[in-house]
Amino acid sequence: MATSQPDRGQPAPAASQGRLIHETSPYLLQHAHNPVDWYPWGAEALARAQAEDKPILLSVGYSACHWCHVMAHESFEDAETAALMNDRFVNVKVDREERPDIDAIYMEAVQALTGHGGWPLTAFLTPDGRPFYGGTYYPPEPRHGMPGFRQVLLAIDDAWRNRRRELDAAGDRLTEALNRSALARPGAGAAEAGEDWAAILDRAAAGLLHALDPYEGGFGDHPKFPQPMNLDFLLQSYLRTGDVKQLKAVTYTLTKMARGGIYDQLGGGFHRYSTDRRWLTPHFEKMLYDNAQLARTYLHAWQLTGDSEYRRTVEETLDYVLREMTSAEGGFYSTQDADSAGVEGKFFLWTLPEVLQLLGADEGRLFAAYFDVTPRGNFHEGGRPANILHISDDLEDAAQKLRVSEERLASVVARGRRLLFASREERVRPGRDDKILAEWNGLMLHAFAEVGAALSRPDYVAAAVRAAGFVLSKLTDDAWPTANRPTSSFQLSTSNVKRQTSIRLCRAYRGGRVHLNAYLEDYAAVGLGLAALYEATFDTGWLEAAAALAEAILAHFADPNGGGFFQVSADHEKLVVRRKDFVDNAVPSGNSLAAELFLRLGKLLHRPDYADHALGILRPLADALAQQPLAFGRLLCVLDFCANPGREIAIVGDPSAADTAAMLREVRPRYRPNDVLALRIPGDDAAPALIPLLADRGQVDGKATVYMCRNFVCDLPVTDPAGLAAQLTDVSPRPVAA
C-alpha cells in the first residue's frame, strides 16, 4: 500500500485544472482553483523541488479551520502573492486529517523553531523534505508584531539564494533533533523497579486536580478545550479511590460545558473549544472525534451519578451525529465548519427579536431569560449584536427568578428549542467535510456501541454495526476475500482470521474512493470500537476482526527495539522521520489506543502476551505519566486498567430470553471501565473456542447464569439479578449525587 500514489483508477489531472482537482479531501478541493500552483504531498512535488533546486512551501490545514480559510482568502486567492509563491517555491497543500504523519513531523519542527504551533501550519523545507523555517498564520501585511506573508516569502527566497549553507545546516540540525526525539526511549520510571502503579495514578490525579479551574471547570484559562480523556481518568481514579473531590471536579466541569455555548443547545453536539474561560464563546466547528469522546465521558458521569442532564447530553450528541454526520453507507463524516454564508458562527446565533417573533412575547421572554438572550448580545456577528444560547441557572433557580413554576418553564424551554431548531434548519448550513476517516470512525462506533448497550438503545447499536461493516468493507485494501467481506451481519470464522492476521486498513474514504495507508491510531481505534461492539452484540465476528487488527499492529508497526509502536507502518513511504506518538492531544495517541486494545483483547482472548505489549508502552513512561498528567489522559486510563484489571463477566444464556436480558440490564448501566463482558448461548461451542472465559461454563438449573471472575478465578455462579447486583456492588461505588 503506497501512500503517495493517485487513487486507483483516477486519471492524472491536467495542469490547467489544478493538481488538487482529483483529490478526495474537501480541504484540498477548496484550494483546487487557487492561483497558487499547489501540489498534493507526494513524489511529484519532491521531484520538481529537487530538479529545480527550489524550497518547498508546505501549508497544512483542515476544512473546518477558520484561520485556514482566512489565510486562503487573504493570500492564496491573491494573484500577486500566488505569483510570488509559484515563482520562488514548490507549493504543497496537506490536509492534516488525512495525513497526520506529515502534520506531526512539521508541527513538531515549527514548535521547536517558534515555541508554539497551530493551523494553518506554514513550513519551509529543503527539496528533500528537511524543515528549516516555519510558523502558523501569516497576515498579508505586517500586523500586531507578525510579519506579512509576502515579507516572509521574500526573506526566505533571499536566504535560499544568498545564505543557502545556513539553511541547509539549519535543516540538518532540526531534522537530527526530530529523529532524536522520535527514537528517544522515555526515561525509566519507578514502575520499572516496583511497578507502584497506584502511587503514579495518585500523583497524576493530584496533578490534574491542581490544574483544574475551580471557578469554571476544565483545565487552564483560555482558550479552553474539553479534554474528555483527562476527565475520564479522574472518573476512573474516583472509582479506584472513592475520592469524591475527583468526581466533583468532573461533574462540575461537565455541567458547565453542557450549559455553555460550547454545546449546541438546540441541535446537540459540542463545538471544538471555547475562546473564553467560561465555555461561552466557541470556535463553532464541530469535530467527530470530540463528540465521540465526550459522548462516552458524559455516559460515564451518568452511570456514576444518575444525573438525567448527562444522559440527555449523551443522547442529543449522538442524535446530532446520526442526523448530520452519518453517510447513507453508514460511515461517519469528519467535521462541520465554523462558518456559514462566510460568517463565523452565523448558523448558531440569535437576536432577541428573532426569539420573540418565533415564540411570542410571553414565552419568548421566558426562553430568552433562560438562555441569556439580550438586546446587547454576547457575540458580534457581521457587525450586529447576536447571542450564543447558554444556560446560567438550574431550571429550579431560573423558575424562581422568573416567578413561574418549573413545569411552566420546562414546557416553554422544550417548545422553544423545537421551534428555534426548526427555524434554524432553514438557514444556510455550515460546510461539512464529508470524508470518512478510519480512526475517527473507530472512536464514534465505540461510542455508539457502548452507549447503545448502557442505555438500551438498539438504534445506537445498529448505527455502530453499520459503521463497523462500512469500515471493514470499504476502508480496507482488498485484504478480505470477496466471499468474506463483512456486511451488516458480519461474521468471520476463527480459522479465517488466523489465516489473515493482517487486515490492512486505509485511512480515508470519500465518494467511493479509498486511499492512504492507515496509521497506528486507525488500527487501534477501529479495533477498540469492534471490541466494544462485540460486548454490545456478542457477535464474535467483531471480536475476531479486532484481534486481526491487533495482529496487524504487531506485524507492521512494532519497534524491534521495544518501547511502543511507530505511527506509520514499515511499508509506509519514507519520510524524514519515523515517529512514535505517546502524547494524547485532541485525539488519543496511537500508542495509548494500542495499549488499551492489547489489554482488553488480552482479557477477552486470554492472551497474556498482549498485556506484555501494553506494559512495554507503560513502563518506560511511568515518570512522565506522574509528572505531566495533562499530556497523557488516555494513557493514564490505560494504566488504571493495567493496575486494576477489573472483572471478567461471563454470562451463559440466550440474550433474547427474559432472564438473560434481566442480567444484562443489571450489568450494562453500571460504570465498569476495566471489566470485560462475554456471553455464551447454551449449546454454542464457537464462542468458547475464541473466548476461553466462556469455556466449561453452563447454566445452573436451566437459568441464565453469570460467572463473576477476576484474573480468570470465578466466584460462585449467580442466577438472579439481585445476586448479580450484590457481586457487582462489592467493588463498585454506588451512584452519588453530583
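The values are calculated or read from the model by the stated rules, or taken from the named source; none is laboratory data. Computed from a predicted structure; not experimentally measured. Heads up, the Cβs are rebuilt from the backbone with ideal geometry, glycines too, and the neighbour counts pull from every protein chain shown.
Using the structure shown, decide if G134 is under 30 Å from A438 (Cα atoms) and either in a loop (DSSP other than H, G, I, E, B) or of a type in the set (S, T, N, Q) (or both). So G134 does not fit the description; no.
Looking at T313, T297, T253, just one residue is in a helix (DSSP H, G or I), crowded, with 21+ Cβ neighbours inside 10 Å, in contact with an Asp or Glu (Cβ under 7 Å, 6 or more places away or on another chain) and of a type in the set (V, I, T), and that residue is T297.
Among the residues of region 568-604, those identified as of a type in the set (S, T, N, Q) and either farther than 25 Å from N291 by Cα or modelled with pLDDT of 95 or more (or both) are S569, S589, N591, S592.
Among the residues of region 327-338, those identified as on the phi < 0 side of the Ramachandran plot, touching a Lys or Arg at 6+ places or on another chain (Cβ under 9 Å) and crowded, with 19+ Cβ neighbours inside 10 Å are G331, Y333, S334, T335, Q336, D337, A338. Restricting to region 201-230, name every residue that is part of a helix (DSSP H, G or I), aliphatic (A, V, I, L, M) and farther than 18 Å from C642 by Cα. Once the filter is applied, which keeps residues that are part of a helix (DSSP H, G or I), aliphatic (A, V, I, L, M) and farther than 18 Å from C642 by Cα, region 201-230 yields A206, L208, L209, A211.
Okay, residues lined up against (1) touching a Leu at 6+ places or on another chain (Cβ under 6 Å); (2) in a helix (DSSP H, G or I); (3) in contact (Cβ under 8 Å) with a residue 12 or more places away in the chain:
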{"site": "S392", "(1), (2), (3)": "no, no, yes"}
{"site": "A414", "(1), (2), (3)": "no, yes, no"}
{"site": "L419", "(1), (2), (3)": "yes, yes, yes"}
{"site": "V428", "(1), (2), (3)": "no, no, yes"}
{"site": "L443", "(1), (2), (3)": "no, yes, yes"}
{"site": "H446", "(1), (2), (3)": "yes, yes, yes"}
{"site": "A464", "(1), (2), (3)": "yes, yes, yes"}
{"site": "G469", "(1), (2), (3)": "no, yes, yes"}
{"site": "L472", "(1), (2), (3)": "no, yes, yes"}
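Cβ separations smaller than 7 Å between residues 6+ apart or across chains give the following pairs from region 516-529 residues that are under 14 Å from E97 (Cα atoms) to residues that are crowded, with 24+ Cβ neighbours inside 10 Å and among the basic types (K, R): L516/R507; N517/R507; A518/R507; Y519/R507; D522/R507.
Per this entry, V404 is counted among residues that are among the aliphatic types (A, V, I, L, M), assigned to a loop (DSSP other than H, G, I, E, B), out of contact with any strand residue (DSSP E or B) (no Cβ under 7 Å at 6 or more places or on another chain) and without any contact (Cβ under 8 Å) to a residue 40 or more places away in the chain.
Yes or no, residue by residue, for (1) touching a helix residue (DSSP H, G or I) at 6+ places or on another chain (Cβ under 9 Å); (2) modelled with pLDDT under 95; (3) over 18 Å from L437 (Cβ atoms); (4) part of a helix (DSSP H, G or I):
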position	(1), (2), (3), (4)
A508	yes, no, no, no
H515	no, yes, no, no
D522	yes, no, no, yes
G527	yes, no, no, yes
L530	yes, no, no, yes
Y534	yes, no, yes, yes
W542	yes, no, yes, yes
L549	yes, no, no, yes
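The one condition from (1) within 16 Å of I102 (Cβ to Cβ); (2) touching a Leu at 6+ places or on another chain (Cβ under 6 Å) that F565 does not meet is (1).
Figure legend. Inter-residue proximity from region 45-70: first residues assigned by TED's automatic domain parsing to the domain that holds V110, second residues assigned to a helix (DSSP H, G or I) and of a type in the set (D, E, K, R), beta-carbon distance below 6 Å, spacing 6+ or different chains. Indicated pairs: V60/D103.
All but one of (1) touching a helix residue (DSSP H, G or I) at 6+ places or on another chain (Cβ under 9 Å); (2) touching a residue at least 60 places away in the same chain (Cβ under 8 Å) hold for R277; which doesn't? Of the numbered conditions (1) touching a helix residue (DSSP H, G or I) at 6+ places or on another chain (Cβ under 9 Å); (2) touching a residue at least 60 places away in the same chain (Cβ under 8 Å), the odd one out for R277 is (1). Annotation note: Cβ proximity below 8 Å between a residue of region 602-619 that is on the phi > 0 side of the Ramachandran plot and a residue that is surrounded by fewer than 22 Cβ atoms within 10 Å (Cβ to Cβ) and part of a helix (DSSP H, G or I) (sequence gap 6+ or interchain) occurs for H606/P692. G562 meets each of the listed conditions (1) modelled with pLDDT under 95; (2) in a strand (DSSP E or B); (3) of a type outside the set (F, W, Y) apart from (2). Taken over region 231-256, the residue count meeting the criterion of being under 23 Å from the mean Cα position of the chain (by Cα), within 23 Å of G646 (Cα to Cα) and small (G, A, S) is 1. Every condition in (1) touching a Ser or Thr at 6+ places or on another chain (Cβ under 6 Å); (2) closer than 20 Å to L533 by Cβ holds for V652 except the one numbered (2). Quick test for you: out of Q17, Q30, Q50, pick the one residue that is farther than 23 Å from Q336 by Cβ and at pLDDT below 95. Answer to the selection: Q17. Among the residues of region 214-225, those identified as more than 17 Å from L247 (Cβ to Cβ) and out of contact with any Ser or Thr (no Cβ under 6 Å at 6 or more places or on another chain) are Y215, E216, G220, D221, H222, F225. Would you confirm whether or not region 268-281 contains a residue that is of a type in the set (S, T, Y) and buried (at least 24 other Cβ atoms within 10 Å of the Cβ)? So far as region 268-281 goes, yes, one or more of its residues are of a type in the set (S, T, Y) and buried (at least 24 other Cβ atoms within 10 Å of the Cβ).
Of all residues being of a type outside the set (A, V, I, L, M, F, W, C) and assigned to a helix (DSSP H, G or I) in region 256-267, which is surrounded by the most Cβ atoms within 10 Å (Cβ to Cβ)? Just the residue, please. Only one residue fits best here, namely K256. Scanning region 104-131 for residues that are more than 14 Å from S59 (Cα to Cα), outside any helix (DSSP H, G or I) and modelled with pLDDT under 90 turns up G115, H116.
Looking across region 300-310 at every residue that is surrounded by fewer than 24 Cβ atoms within 10 Å (Cβ to Cβ) and touching a Ser or Thr at 6+ places or on another chain (Cβ under 9 Å), the one that is nearest to G469 (Cα to Cα) is identified as Y310. A32 falls short on exactly one of the conditions (1) in contact with a helix residue (DSSP H, G or I) (Cβ under 8 Å, 6 or more places away or on another chain); (2) touching a residue at least 40 places away in the same chain (Cβ under 8 Å); (3) surrounded by fewer than 21 Cβ atoms within 10 Å (Cβ to Cβ); (4) not basic (K, R), and that condition is (2).
Looking only at residues of region 595-607 that are within 19 Å of D559 (Cα to Cα) and of a type outside the set (D, E, K, R), we find that the one that is surrounded by the most Cβ atoms within 10 Å (Cβ to Cβ) is A595.
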